[in-house]
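Here the structure comes first, spelled out in structure tokens, and everything after it is commentary.
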Amino acid sequence: MKNKHKRCRSARVGTLILLYFLLALVTLAVIVPFYLIFISSIKHNYEILSSTFYWWPKYGISFEGYKKVVSANSELSLYIGTSIPLSFWNTVWQSVIPTLVGIFVSGASGYAVAKLKFPCRGAIFSLLIATMMIPGTITLVSSYLLFDTVGWTNGPLPLIVPGLFGSAGNVFFMRQYFSGLPDELTEAAKLDGLSNFGTYVRIAMPLSVPVFVSLSLLSFIGHYNAYLNPLIYLGDNTKYYTLQITLKNMMSLYKNQWDVILSTCIVSILPLLVLYLFTQKFFIKGISMSSGLKG
């Protein structure tokens, strides 16, 4: 019996060692690329272009790339008509507006499907989820023709307005979360005279902060990293260029000046890292989607 327990314990220890080893490999696979980008961004450009790689700047640390990035009057502004600070600001406000409004609308839709009784509720929800199976590229041409007809192309409206109506994926997660809220809460709110909308705003939303924060973060990252839609809809209107479009243009302007390009990559990544550090508690809590007050 003792030998059997020893064998089981040895097997568990071996499994844990293997799991931690695999976890360490995955962690290195994620961290090393970020380290290479950062360490190269503070090197002199001639060291980046050299055939020998060093894990730390051999010829001293240089911040020339960062100086060009944060300057509003750099070559980028002269030749392309925009700058990294302006592009960053465009990216932020074009991402924040559809994220905040879209999450609120998605939450309201998810709450309605989860808690309200109305005809064809299941069929409407199934149809909404079915739209998730349609790739966005399929409707790209028709969407462009529609926005062009109403005169929205060559501007930021096509990037903002569709996001104001939420997304099917967010509605699905919201519905799953709200389904776990006790019905007694909503019934008590109605007895106190709250409308359905008031119950959603004053009862459901405060109890669902983790899911709202986590989905807001994911939605913001999606808008922040978007490239195809800004490329198509902004056209040559440089004053609305987002960070991703400006990064692409930098490749042709600075060419082999990799210190500038890599510095821009770090500057563009940094806000997302800071945002995650401040919201990771809610993000981890919400991403588990245990639903409602359970768990």
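Counting only Cα atoms, the chain measures 78, 70, 35 Å along its principal axes, largest extent leading.
For C120, C265, the sequence from fewest to most other C-beta atoms within 10 Å is C120, C265. Applying the Kirkwood pairwise sum to the alpha-carbon positions of the range 175-277 produces a hydrodynamic radius of 17.4 angstrom.
Taking I84, I232, I134 as the candidate residues, the one with maximal mean-square fluctuation in a Gaussian network model of the chain, Cα springs under 10 Å, is I134. Here's the list of aspartates and glutamates a cross-link from K115 could span, going by alpha-carbon distance under 19 Å and ignoring same-chain residues fewer than 8 apart: D183, E184, E187, D192. Using a cut-off of 30 Å between Cα atoms, the listed pairs K117/K281; K67/K239; K190/K281 include K117/K281; K190/K281 as exceeding that distance. Taking every full run of DSSP H in the chain, the ones that stretch at least 15 Å from end to end by Cα along their long axis and average 1.0 or higher on the Kyte-Doolittle scale are 2-41, 209-224, 258-287.
For the chain, the relative contact order is 29 percent, taking Cα pairs closer than 8 Å that sit 6 or more residues apart in sequence and dividing their mean separation by the residue count. The residue list G110, V92, T149 was ranked by how far each Cα lies along the charge dipole of the range 52-163 toward its positive end, using unit charges on Cβ atoms, and G110 comes out on top.
Scanning the chain for trypsin sites (Lys or Arg not before Pro) lying in DSSP loops with no more than 13 further Cβ atoms inside 10 Å, the longest uninterrupted stretch between such sites is 118-254. A Förster radius of 25 Å combined with the Cβ-Cβ distance from K239 to L145 puts the calculated FRET efficiency at roughly 0.55. Here K58 is the anchor, and the aspartates and glutamates within straight C-alpha reach of less than 17 Å, apart from those fewer than 8 places off in the same chain, are E47, D259.
Quick note: the coordinates plus some simple rules give every number you see, no bench work behind them. These figures come from a predicted structure and were not determined experimentally. Positions of Cβ are backbone-derived with ideal geometry, glycine not excepted, and every protein chain shown enters the neighbour counts.
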